[in-house]
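Below is one structure, written out as structure tokens, with a few remarks after it.
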Amino acid sequence: MVRGLREKAGIPRPEVKMEEKMRQSRLFAPTLKESPADAEIASHRLLVRGGFLRRVASGIYDFLPLGVRVLRKIEGIIREEMNREGAQEVVLPILQPRELWEESGRWSRYGDEMMRLKDRAGRDFGLGPTHEEMITALVRDNISSYRDLPLNLYQIGAKFRDEVRPRFGLLRAREFIMKDAYSFDRDEEGMRESYRAMYRAYSRIFDRCGVRWMAVEADTGLIGGDVSHEFMVLAGVGEDRVAYCEGCGYAANINLAEFRREPLSGPERPLEKVSTPGQKTVEEVSGFLGVEPRHLIKCLMYLVEGKPVAVLVPGDREAGEVKLERVLGTSEFRLFHQGDWDNFPQYVQGFVGPVGLDGVDVLADLSLRGARGMVCGSNEEDHHLVGVEVGRDFQPNRFLDLALARDGDPCPRCEGVLRVAAGIEVGQIFQLGLKYSLSMGCTYTDEKGEERPVHMGCYGIGVTRLMAAIVEQHHDERGIRWPLEVAPAHVHLVPLNYEKEERRKAAEDLYRQLLEEGLEVLLDDREESAGVKFADSDLFGIPYRLVLGRVYEESGKVELQVRSTGERAVISPEEAAGQVRQALGRIGA
Ligand code: ATP
Ligand code: MG
């Protein structure tokens with residue numbers, strides 16, 4: 001509200017009583033000396049030990065007041081940046097009727113990951129794992145013309161996914177907070193522009209949250225669509241792998257990262273069948289014959305929608321399941337089980353190879369094009385072929401990008417080298433195209449009066465996962481080191497010997513001064529030892545700590561400690577407030 005207007009209108013100023021809540025003696029932030037037994041990673045350990053978080057059941061957590069403060073800061077940043085790009089906030093229900101999910105076909109396809117329940121009349125509902133159906137129905141029923149577009153709607157709220165393996169605290173939970181946004185455009189170009197806007201917003205959001213991140217090309221999986229990027233926070237505990245080139249900036253999820261193939265050529269020798277008794281694995285065969293694993297052709301038998309398909313990769317490489325799924329156009333495939341080998345006795349387990357392999361589709365990785373001097377199974381027990389040349393001795397049905405990239409592989413776009421790093425996926429954006437608008441009938445009439453389907457995009461951020469990812473990048477063995485903009489408070493004011501009357505008074509004065517500066521301050525007003533106070537302060541990870549101790553007694557000065565760097569300075573209380581203000585100014589807060 002404009003200054004003065006409120007007073008003129010007779011609206012009383014809201015009474016902000018932040019300081020009352022931020023007295024540590026009253027704060028509900030139960031810290032722990034020991035790590036919880038189930039906490040395997042730093043963020044989980046430190047968020048629980050620091051009194052931010054408590055576990056209720058597997059993948060389900062309580063957020064305590066300090067945790068909520070951090071969460072609200074992150075949400076605040078997300079809101080600002082979404083609004084800046086013209087997105088509008090909505091709140092959609094968690095409880096979603098089955099009928100909507102039948103429309104998109106995902107009621108059955110989403111599988112066990114969706115938590116499902118029945119109401120008293122026996123009607124089926126799901127707890128929203130994502131909201132494409134909900135939002136498409138809302139927009140479909142409430143827009144009609146091209147004038148209503150473009151539109152970008154978002155919400156921040158709970159999502160439920162019955163993960164196979166909830167773990168790592170907030171990183172893979174079953175109930176978690178997500179920001180999900182959905183864009184609706186007249187045409188493809190509009191959709192691309194909305195996508196770019198969200199890419200920009202995400203870049204600013206992750207920058208402001210203080211994390212080192214990378215956007216990578218990604219698979220669209222269950223959500224669907226063609227173009228997608230994941231936003232990865234680089235951290236050793238991340239479950240994702242990203243391949244990136246420092247030279248040209250190419251970056252992709254390892255699941256679909258491309259790499260430049262170099263010609264494969266093993267020892268030149270005539271095509272010949274050799275005896276390899278009992279040698280089945282790549283390791284065994286390469287050891288037995290004295291050839292490098294990469295000069296073997298690994299022939300993997302897959303059952304694809306009930307039919308066998310042979311997939312060829314060099315012996316030292318793995319075939320990527322996501323790459324295969326894209327190529328096969330179905331997720332219904334798996335490597336042969338024992339039963340499949342029994343059902344298809346023409347394929348000799350351990351000795352199957354592409355030469356003379358009839359009646360089956362043979363898909364070869366790009367690296368095998370023109371490969372020579374190779375070794376492969378002979379389709380005869382205890383024998384392999386050597387001196388095999390692809391193209392001469394057999395011709396695959398197709399050469400495709402099937403093998404997974406590795407650290408050190410040549411970049412597909414430049415002369416550089418790919419690096420592989422672990423990352424936490426904190427966000428993903430998708431160009432959905434017409435997937436939901438066609439199946440759910442979300443259309444508009446254009447300028448000519450013709451009915452057209454809406455082009456959609458969707459955009460998610462794992463808000464609680466992001467909170468954990470921040471901690472993964474910002475902590476030491478003693479606790480969290482929150483970046484200033486997402487910290488539960490700016491300053492932790494820690495007076496020692498608080499039982500002394502004059503110390504208490506000095507602390508109260510400084511506390512008030514800092515609050516008047518507009519800073520968020522947690523005052524440790526407990527009569528605890530310095531050791532206890534510092535241990536808790538380290539766990540909380542508030543960026544600036546002001547200590548009122550012996551130095552204060554001697555010189556009236558305070559000790560300013562910077563949690564992230566460990567820097568210390570003895571300064572006057574006024575200077576301290578100024579320094580924190582300055583730091584806040586630098587981040588625009
Ligand atoms: P993952 O591959 O890690 O299971 P996803 O690709 O299925 O995630 P999306 O559908 O893209 O997830 O959801 C958007 C965002 O929600 C993700 O980028 C991630 O940050 C977050 N998210 C997804 N699943 C979880 C979970 N189980 N716990 C916490 N956050 C999650
Ligand atoms: Mg994702």
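The values are calculated or read from the model by the stated rules, or taken from the named source; none is laboratory data. From a predicted model like this one, the values you see are computed outputs, not experimental measurements. Cβ: placed from backbone, ideal geometry, glycine included. Neighbour counts: every protein chain shown.
When ARG192, ARG186, ARG123, ARG161 are checked against the criterion of being charged (D, E, K, R), within 12 Å of ligand 1 (Cβ to nearest atom) and in the same structural domain as VAL68 (by TED's automatic domain parsing), a single residue qualifies: ARG161.
Please indicate, with yes or no, whether at least one residue in region 247-261 is touching a helix residue (DSSP H, G or I) at 6+ places or on another chain (Cβ under 6 Å), within 30 Å of LEU400 (Cα to Cα) and away from ligand 2 (no atom under 15 Å from the Cβ). Yes: region 247-261 contains one or more residues that are touching a helix residue (DSSP H, G or I) at 6+ places or on another chain (Cβ under 6 Å), within 30 Å of LEU400 (Cα to Cα) and away from ligand 2 (no atom under 15 Å from the Cβ). If the condition is being among the acidic types (Asp, Glu) and surrounded by fewer than 13 Cβ atoms within 10 Å (Cβ to Cβ), then region 89-98 contributes no residue at all. Applying the criterion of being within 28 Å of the chain's Cα centre (by Cα) and more than 16 Å from ligand 1 (Cβ to nearest atom) to the residues of region 442-461, the residue that is surrounded by the most Cβ atoms within 10 Å (Cβ to Cβ) is VAL454. Among the residues here, ILE177 qualifies as assigned to a strand (DSSP E or B), assigned by TED's automatic domain parsing to the domain that holds ALA158, more than 13 Å from ligand 2 (Cβ to nearest atom) and in contact (Cβ under 8 Å) with a residue 60 or more places away in the chain.
Does PHE160 satisfy the condition of being aromatic (Phe, Trp, Tyr), away from ligand 2 (no atom under 15 Å from the Cβ) and farther than 16 Å from ILE470 by Cα? Spelling it out, PHE160 is indeed aromatic (Phe, Trp, Tyr), away from ligand 2 (no atom under 15 Å from the Cβ) and farther than 16 Å from ILE470 by Cα.
Here ALA257, ALA243, ALA201 are screened, and the one residue that is in a loop (DSSP other than H, G, I, E, B), on the phi < 0 side of the Ramachandran plot and buried (at least 23 other Cβ atoms within 10 Å of the Cβ) is ALA257.
Mind listing whichever residues of region 211-240 are under 19 Å from ALA421 (Cα atoms), touching a helix residue (DSSP H, G or I) at 6+ places or on another chain (Cβ under 7 Å), of a type outside the set (A, V, I, L, M, F, W, C) and more than 11 Å from ligand 2 (Cβ to nearest atom)? Residue satisfying the conditions is ARG212 alone. The requirement of being more than 16 Å from ligand 2 (Cβ to nearest atom), of a type outside the set (D, E, K, R) and at positive phi is fulfilled nowhere in region 137-147; no residue meets it. Exactly one residue out of ALA158, ALA173 is aliphatic (A, V, I, L, M) and in contact with a Pro (Cβ under 9 Å, 6 or more places away or on another chain), and it is ALA173.
Of all residues in region 225-239, exactly one satisfies the criterion of being surrounded by fewer than 18 Cβ atoms within 10 Å (Cβ to Cβ) and within 11 Å of ligand 1 (Cβ to nearest atom), namely GLU239.
Per the conditions (1) surrounded by fewer than 24 Cβ atoms within 10 Å (Cβ to Cβ); (2) touching a residue at least 12 places away in the same chain (Cβ under 8 Å), the sole criterion not satisfied by ALA487 is (1). Checked against (1) away from ligand 1 (no atom under 16 Å from the Cβ); (2) modelled with pLDDT of 95 or more; (3) surrounded by fewer than 22 Cβ atoms within 10 Å (Cβ to Cβ), SER439 passes all but a single condition, namely (2). Where residues in region 442-467 are more than 16 Å from ligand 2 (Cβ to nearest atom) and among the hydrophobic types (A, V, I, L, M, F, W, C), which of them is farthest from GLU133 (Cα to Cα)? My answer is MET467.
From the residues in region 275-296 that are touching a residue at least 40 places away in the same chain (Cβ under 8 Å) and within 16 Å of GLU389 (Cα to Cα), which one is surrounded by the most Cβ atoms within 10 Å (Cβ to Cβ)? Going through the qualifying residues, I end up with LEU296.
Restricting attention to region 508-526, the residues that are among the hydrophobic types (A, V, I, L, M, F, W, C) and surrounded by fewer than 23 Cβ atoms within 10 Å (Cβ to Cβ) total 2.
Among the candidates LEU46, LEU95, LEU53, which residue alone is modelled with pLDDT of 95 or more, assigned by TED's automatic domain parsing to the domain that holds LEU127 and on the phi < 0 side of the Ramachandran plot?
Exactly one residue qualifies, and that residue is LEU95.
A single entry from GLY387, GLY391 fulfils the requirement of being on the phi > 0 side of the Ramachandran plot and in contact with a strand residue (DSSP E or B) (Cβ under 7 Å, 6 or more places away or on another chain): GLY387. Just one of (1) modelled with pLDDT under 85; (2) under 22 Å from GLU501 (Cα atoms); (3) surrounded by fewer than 17 Cβ atoms within 10 Å (Cβ to Cβ) trips up PRO573, so point out which. It fails just one condition, (3). Taking the criterion of being away from ligand 1 (no atom under 16 Å from the Cβ), touching a residue at least 40 places away in the same chain (Cβ under 8 Å) and out of contact with any helix residue (DSSP H, G or I) (no Cβ under 9 Å at 6 or more places or on another chain), the residues of region 129-153 that qualify are LEU138, ILE143, SER144, SER145, TYR146. In summary, helices (runs of 4 or more DSSP H) completely within region 22-109 and bearing 1 or more residues that are within 23 Å of the chain's Cα centre (by Cα) occur at 42-49, 65-84, 106-109. Only residues that are more than 16 Å from ligand 1 (Cβ to nearest atom) and either crowded, with 20+ Cβ neighbours inside 10 Å or outside any strand (DSSP E or B) (or both) were counted in region 395-432, giving 19.
Taken over region 164-183, the criterion of being among the hydrophobic types (A, V, I, L, M, F, W, C), in contact with a Leu (Cβ under 9 Å, 6 or more places away or on another chain) and more than 9 Å from ligand 1 (Cβ to nearest atom) is satisfied by ALA181 alone. When region 540-558 is filtered for residues that are surrounded by 13 or more Cβ atoms within 10 Å (Cβ to Cβ) and either in a loop (DSSP other than H, G, I, E, B) or touching a Lys or Arg at 6+ places or on another chain (Cβ under 6 Å) (or both), the ones remaining, listed by number, are GLY541, ILE542, PRO543, GLY549, VAL551, LYS557.
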